[in-house]
Amino acid sequence: MTKLISRRAFCISTAVLTLAAAIPNFAGTAYAAGETIKLGLVAPMSGPNARYGSFSMRGAQLAVKEINDAGGVDGRKIELVSGDSQGTPVEGVSATRRLIDSDKVDYIIGDVSSSVTLAMQPVAEDAGILLLNAASSNPKITYGAGVGGYKWTFRNYPTDENRALIVAKYAAEQRGFTKFSVLSVDSDYGRSAIEFTKKYLPQFKGQILTEDYYKEGEVDFRSVLAKIRDSGAQAIILYGLADTTPIIARQMTEVGLAGKVPLIGNGEFNAPSNIKAAPRAMEGAVEAAAWLPAWDSPKSKTFVDKFTAANKEGPNNHAYVHWETVHLLAQAIKEAGSPDREKVREALSKIKYDSAVGEVTFDNHNQARLPMILLQIEGGKPSIKGAYTADIQYPAP
């Protein structure tokens with residue numbers, strides 16, 4: 001897939017790579033023996049996406065507490081150190097460098113934003129630091145990982161390509177939809193999800209009638225929704241921000257779309273607060289998620305109970321995936337028989353990890369093979385339709 005790169009994007013990329021090049025190459029350096037395993041977490045702790053960072057941190061903190069309370073990893077305790085990306089590539093690179101240079105972390109989990117993770121990859125690669133991603137979904141991260149070049153990047157999260165295929169297939173085959181409108185967030189995440197939807201829609205005789213994107217912080221969607229209403233679309237493809245979903249849903253009711261044209265994609269449609277905001281508009285919404293609080297497995301239920309007890313609120317997807325990823329890393333360190341980064345990287349590439357959703361293994365692009373949970377809002381509640389998988393079709397080298 002060919003993409004045009006703006007002068008501004010080129011300048012940002014150049015600056016990021018310049019910062020990355022300044023870090024010495026520590027790949028293959030043996031781990032210094034010690035009592036503590038230092039784990040960095042890069043996430044948006046401030047800015048418009050701070051909500052995601054908060055859940056990510058609390059999920060990771062719970063996992064660290066569980067592991068340490070059980071005696072650590074082969075007797076070594078984990079110390080969690082945070083870095084604030086503010087949701088931007090430049091700040092994400094700065095946070096990554098601080099964790100490596102000043103905090104001397106052994107491994108890094110991050111970031112929620114795909115654009116930040118893409119910027120972090122060359123930094124981690126040059127430093128020989130394992131970058132284990134738990135929440136970014138842009139396929140380019142793993143196109144360039146493993147045999148793609150960045151051997152120190154792993155991802156324990158489904159990609160936009162997985163999600164787009166699963167959602168498009170379900171919408172076409174189970175709901176009979178062939179005509180769609182797009183209303184997604186104007187970000188790497190939102191746009192790439194639509195690009196992959198376009199890739200697969202022809203397989204299901206689907207077509208996009210209108211295509212619009214919104215900026216973070218935007219609050220008036222009435223004119224776009226009116227256009228969608230008049231287009232003849234059967235569903236709205238939305239890959240967006242959870243905080244924006246209830247605003248769009250309420251305005252769907254205002255323009256007469258509620259109960260007629262459902263949302264499909266991903267925007268935390270299953271969140272009780274979003275359903276409550278506009279129940280008629282959210283009815284029939286289709287979403288593919290890496291995990292859901294309602295997922296019926298003993299490990300998932302235990303996590304929900306523990307997180308809720310510790311935080312006085314239930315977890316979301318970001319809390320879960322960071323909790324699970326810390327446990328995944330701990331198992332890899334244990335199986336490696338040492339916290340040596342090279343040995344842990346090798347152990348991770350061969351791991352079979354029993355997650356709350358299913359077994360996790362990694363392909364040769366260091367991408368986790370993961371099922372996704374598909375749900376539909378029915379009667380004001382999420383109804384789980386099952387767990388589905390989709391193999392990634394990598395571009396030719």
Kindly provide the set of residues from the stretch 302-319 that are over 14 Å from Lys65 (Cβ atoms), in contact with a helix residue (DSSP H, G or I) (Cβ under 6 Å, 6 or more places away or on another chain) and assigned to a helix (DSSP H, G or I), ordered by number. His318
Restricting attention to the stretch 136-146, which residues are at negative phi, out of contact with any strand residue (DSSP E or B) (no Cβ under 7 Å at 6 or more places or on another chain) and open to solvent by 10 Å² or more (accessible area, probe 1.4 Å)? Lys140, Tyr143
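Which residue is surrounded by the fewest Cβ atoms within 10 Å (Cβ to Cβ), if the candidates are limited to the stretch 284-301 and must be in a loop (DSSP other than H, G, I, E, B) and aliphatic (A, V, I, L, M)? Steps first, answer last, please.
Our first condition is that a residue be in a loop (DSSP other than H, G, I, E, B); within the stretch 284-301, this holds for 284-285, 290-297.
Still in the list and also aliphatic (A, V, I, L, M): 285, 290, 292, 294.
On the way: Ala285: 25, Ala290: 25, Leu292: 20, Ala294: 15.
Here the residue is Ala294.
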Taking the stretch 147-160 and the residues there that are among the charged types (D, E, K, R) and at pLDDT 95 or above, the one that is surrounded by the fewest Cβ atoms within 10 Å (Cβ to Cβ) would be Lys151
For residues in the stretch 320-340 being part of a loop (DSSP other than H, G, I, E, B) and not acidic (Asp, Glu), which is nearest to the chain's Cα centre (by Cα)? Pro339
Name the single residue that is nearest to Thr153 (Cα to Cα) among those in the stretch 318-336 being touching a residue at least 60 places away in the same chain (Cβ under 8 Å) and open to solvent by 30 Å² or more (accessible area, probe 1.4 Å). His327
Give the stretch 104-116 a look and list any residue that's open to solvent by 50 Å² or more (accessible area, probe 1.4 Å) and either free of Cβ contacts under 8 Å to residues at least 24 places away in the same chain or assigned to a helix (DSSP H, G or I) (or both), or say none. none
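Against the definition (open to solvent by less than 10 Å² (accessible area, probe 1.4 Å) and of a type in the set (Lys, Arg)), how does Arg163 come out, yes or no? Let's see the steps before the verdict.
Details: open to solvent by less than 10 Å² (accessible area, probe 1.4 Å): yes; of a type in the set (Lys, Arg): yes.
Criteria met by Arg163.
Out of Pro279, Pro246, report the one residue that is touching a Gly at 6+ places or on another chain (Cβ under 7 Å) and modelled with pLDDT of 95 or more.
Details: Pro246 fails: touching a Gly at 6+ places or on another chain (Cβ under 7 Å).
Just a single option satisfies the conditions, and that option is Pro279.
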From (1) open to solvent by 30 Å² or more (accessible area, probe 1.4 Å); (2) modelled with pLDDT of 95 or more, pick out the condition that doesn't hold for Gly28. (2)
By residue number, the members of the stretch 47-83 that are closer than 22 Å to Arg97 by Cβ, in contact with a Leu (Cβ under 6 Å, 6 or more places away or on another chain) and either open to solvent by 30 Å² or more (accessible area, probe 1.4 Å) or assigned to a helix (DSSP H, G or I) (or both) are Ala60, Leu80, Ser82
Out of the residues in the stretch 337-360 that are hydroxyl-bearing (Ser, Thr, Tyr) and over 17 Å from Trp291 (Cα atoms), state the one that is least open to solvent (accessible area, probe 1.4 Å). Ser338
The correct count of residues that are open to solvent by less than 20 Å² (accessible area, probe 1.4 Å) and closer than 13 Å to Leu238 by Cβ in the stretch 268-283 is 4
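Look through Ala135, Ala95, Ala119 and report the one residue that is closer than 23 Å to Ala50 by Cβ, in a loop (DSSP other than H, G, I, E, B) and under 20 Å from the mean Cα position of the chain (by Cα).
Numbers: Ala95 fails: in a loop (DSSP other than H, G, I, E, B); Ala119 fails: in a loop (DSSP other than H, G, I, E, B).
Matching residue, one of Ala135, Ala95, Ala119: Ala135.
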Checking Asp101 against (1) at pLDDT below 95; (2) surrounded by fewer than 19 Cβ atoms within 10 Å (Cβ to Cβ); (3) acidic (Asp, Glu), only one condition comes out false. Which one? (1)
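Would you mind finding the one in Thr210, Thr244 that is hydroxyl-bearing (Ser, Thr, Tyr) and more than 16 Å from Ile275 (Cβ to Cβ)? Walk me through how you get there before you give the answer.
On the way: Thr244 fails: more than 16 Å from Ile275 (Cβ to Cβ).
It is Thr210.
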Does Glu125 satisfy being surrounded by fewer than 22 Cβ atoms within 10 Å (Cβ to Cβ), touching a residue at least 12 places away in the same chain (Cβ under 8 Å) and under 17 Å from His365 (Cα atoms)? yes
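The values are calculated or read from the model by the stated rules, or taken from the named source; none is laboratory data. Please read these numbers as outputs of a predicted model, since none were measured by experiment. We place every Cβ from the backbone using ideal geometry, glycine too, and count neighbours over all the protein chains shown. When the accessible area is computed, the model is the full protein with side chains, heavy atoms only, and any ligands, DNA or RNA have been set aside. Shrake-Rupley method; radii C 1.70, N 1.55, O 1.52, S 1.80 Å.
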